[in-house]
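Structure first, commentary second.
Every number here is computed from the coordinates shown, using simple stated rules; none is lab data. All of these numbers come straight from a predicted model, not from anything done at the bench. All Cβ positions, glycine included, derive from the backbone under ideal geometry; neighbour counts span all protein chains shown.
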Amino acid sequence: MYAYRKSMPRLNKHLDDKWVKHCQRLHKQRLKQMKPAIDNKPPPKFVHLAQNLKKQQMDEERYSQIERDNYLLLDKMSYIMTHPQLLDEKYMGRPVTYGKSLNKEYRKKELMRITEENQQILRRIQHKEPYYSHEAWTNDARLSEEYLRNCAEYPICLPSSQLFSRSPPSRVTRTPRARQQREGEEDW
């Protein structure tokens, strides 16, 4: 049967083969029933770590307190709805009635007088002619610009010059470059 077994002496070949098969069967059965030597299972899950029982208990107590408060508020509100007159006098006392003001008519007349004065002042302001003239300001600005151009050694480009006049400046320039710049200003 096996090459190495030929070297071993045996008395009965059939019994020896039967014994070897029996040993092999036992070996296979032990291999099937063998437990691992390394524990690779996940660690056990403890209930006290998975569930926070104290927090659940506190939440339950808080919810029961809220339910109790809501019930009390609802009871009080229903009592208020059924007995409104008794509560007002019981807790807040009799309703306060204020006396009539003795100065009411005087304050009303004073307010009407002040309003009328304000209307008169507004009418006077609206019908008054303005003291300052924007045309005079424009003419003064144009004259000042003209004086500035006459006094300047080089041509001046003012952004306000386009607002007042588009006419060429009155001063004659001496350099050709200045003349080219002056002509460029006229194109604007």
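Using R0 = 41 Å, the C-beta based FRET efficiency linking Leu143 and Arg123 works out to 0.65.
If the chain linking His83 and Glu116 were pulled fully straight, counting 0.36 nm for each residue of separation and taking away their Cα-Cα distance, it would gain 6.7 nm.
For Arg10 and Gln51, what is the calculated FRET efficiency with R₀ set at 41 Å and r taken between the beta-carbons, to the nearest 0.05?
0.05
With Cα atoms as the point set, the radius of gyration and Dmax of segment 1-78 evaluate to 36.2, 108 Å. Segment Leu31..Glu61, full-extension length gain: 5.1 nm, with 0.36 nm per residue of separation and the alpha-carbon distance subtracted.
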